[in-house]
1. Can you name the condition, by its number, that B:Gly103 falls short on among (1) under 14 Å from the mean Cα position of the chain (by Cα); (2) surrounded by 18 or more Cβ atoms within 10 Å (Cβ to Cβ); (3) outside the structural domain of B:Gly38 (by TED's automatic domain parsing)?
2. Could you check, for region A:29-48, whether at least one of its residues is out of contact with any Leu (no Cβ under 9 Å at 6 or more places or on another chain), closer than 17 Å to A:Gly115 by Cα, within 9 Å of chain B (Cβ to nearest Cβ) and assigned to a helix (DSSP H, G or I)?
3. Which count do you get for residues in region B:1-28 that are more than 12 Å from chain A (Cβ to nearest Cβ) and among the hydrophobic types (A, V, I, L, M, F, W, C)?
4. For region B:55-70, check the following and say yes or no: at least one residue is assigned to a strand (DSSP E or B), under 24 Å from B:Tyr142 (Cα atoms) and of a type in the set (A, V, I, L, M).
5. From the residues in region A:1-28 that are aromatic (Phe, Trp, Tyr) and either farther than 21 Å from B:Thr7 by Cα or under 26 Å from the mean Cα position of the chain (by Cα) (or both), which one is farthest from the other protein chains (Cβ to nearest Cβ)?
6. Within region A:49-65, which residues are within 14 Å of chain B (Cβ to nearest Cβ), buried (at least 18 other Cβ atoms within 10 Å of the Cβ) and outside any loop (DSSP other than H, G, I, E, B)?
7. So, in region B:77-100, exactly how many residues are in contact (Cβ under 8 Å) with a residue 24 or more places away in the chain and on the phi > 0 side of the Ramachandran plot?
8. Which residue, of A:Pro93, A:Pro122, is of a type outside the set (Gly, Ala, Ser), assigned by TED's automatic domain parsing to the domain that holds A:Thr78 and over 23 Å from A:Gly70 (Cα atoms)?
Amino acid sequence: MKAPSFAYARPGTLAEAFDLLERHGERARILAGGQSLIPSLNMRLSSPGLLVDITGIPGLSKIEASAGGGLRIGALVTHAQIEKSPDVRKHAPLLAQAAPHIAHPAIRNRGTLGGSLALADPAAEYPACALALNATFIVLSKKGERRVKATEFFKGLFETDLKSAEILAAAEFPAVDKSAFVELARRHGDYAIVGLAAVRTGSQKRFAFLGAGATPVLAVNASKASSLEEARQALEKDLDPPADLYHSSPTKLHLAGVLLERAWNTL
Amino acid sequence: MEHAVETTLTVNGTRVSRRIAPRQHLVDFLRDELGLTGSHIGCEHGVCGACTVRVNGEIVRGCLMLAVQANGCRVDTIEGLSDSGELKALQKAFHEKNALQCGFCTPGMLMAAQDLVVQKKKCSREEIRSHISGNYCRCTGYQAIVDAIEQVLNGQS
């Protein structure tokens, strides 16, 4: 289908973008890669008055090593860049492991890290990765910079801590010793039935699931477990996955356990 | 509010300036305004890959990009790649291997396949399948398509 009518602006600076977002309030939507927003417009699930295309704003597409061995990735960095970046592979390999699971090459060429995080689709890969890595989000507005922990960022179904007239500018991913990303999907590139971003630093593990709730879910109890058996049992306390069209809640819980085992054995 | 936006882009090597309504997808612009109907429209929500075109050298979904977003970009379509001879080897292989039946997916399939060819690396059938995973063909069952792409990839020096 065709998108409804809307106005379009492509500001060249953050200040211009904040002005537009402030002036148009709820009627404005931020457009980055558009790989989720444009389908939702095409399907008439969304009808904003104005799209503010932020891809002309300089400084939002960098991948930089940050202090402490981690990585800071600009919001406009695409999935394809994350997939291919030697820096990501070195400092935040979890993201490079997750990227090939996102849709297909032509979509990964346009879709962005910031877009995926700000949309907060509970079945998306990056939000779960950000939670597992204990990432920090850099949020900009006219008032300046605000840093939000991933654990505080995802508030509900497609709901985040972002306020109106704020722009997610970058995310910082701390270094970890080992990571694994696994997901189950009916076909490659489809939305995951359930997926798992898993990391280990020293003996500390963190498991974050996607497709297992209204937000990405940090499996707090399973992360503390000292054996795989204990972790699998703890999942019952951590997760209450909603059924989808094809999979009941118990099926998803079972599959989450299967993924946990796969990840556990590689960490 | 919904004023047309002055947009200039280079399509198959030709500079084009038009006033474009923001809601118009790139693929609709190419088809309806420029008459380049080789890029097909299937699902219109980024699933089928029939509208695959190249923007600044990278394949994208023509239905998931607004034409106004292509301002200042270089856009290449199946017509451009076909006329320049870039697709010659793939077209020959598709013909020989019977890699199309109705042909609706073929332009998008060729664009996606050529994206692998330009990377100049040898690929397994699994990698080829993964690369064209976003392009649906409802006739061939993909076997012959993978055969054709494999022939070109592994035959090149």
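1. (2)
2. Among the residues of region A:29-48, at least one is out of contact with any Leu (no Cβ under 9 Å at 6 or more places or on another chain), closer than 17 Å to A:Gly115 by Cα, within 9 Å of chain B (Cβ to nearest Cβ) and assigned to a helix (DSSP H, G or I), which makes the answer yes.
3. Counting residues in region B:1-28 that are more than 12 Å from chain A (Cβ to nearest Cβ) and among the hydrophobic types (A, V, I, L, M, F, W, C) gives 3.
4. yes
5. A:Phe18
6. Matches in region A:49-65: A:Leu50, A:Leu51, A:Val52, A:Asp53, A:Ile54.
7. Residues that pass the stated criteria total 1.
8. Values: A:Pro93 fails: over 23 Å from A:Gly70 (Cα atoms).
Exactly one residue qualifies, and that residue is A:Pro122.
The values are calculated or read from the model by the stated rules, or taken from the named source; none is laboratory data. Nothing here was measured: the structure is a model prediction, and the numbers come from that model. With ideal geometry, Cβ positions are generated from the backbone for all residues, glycine too; neighbour counts draw on all protein chains shown.
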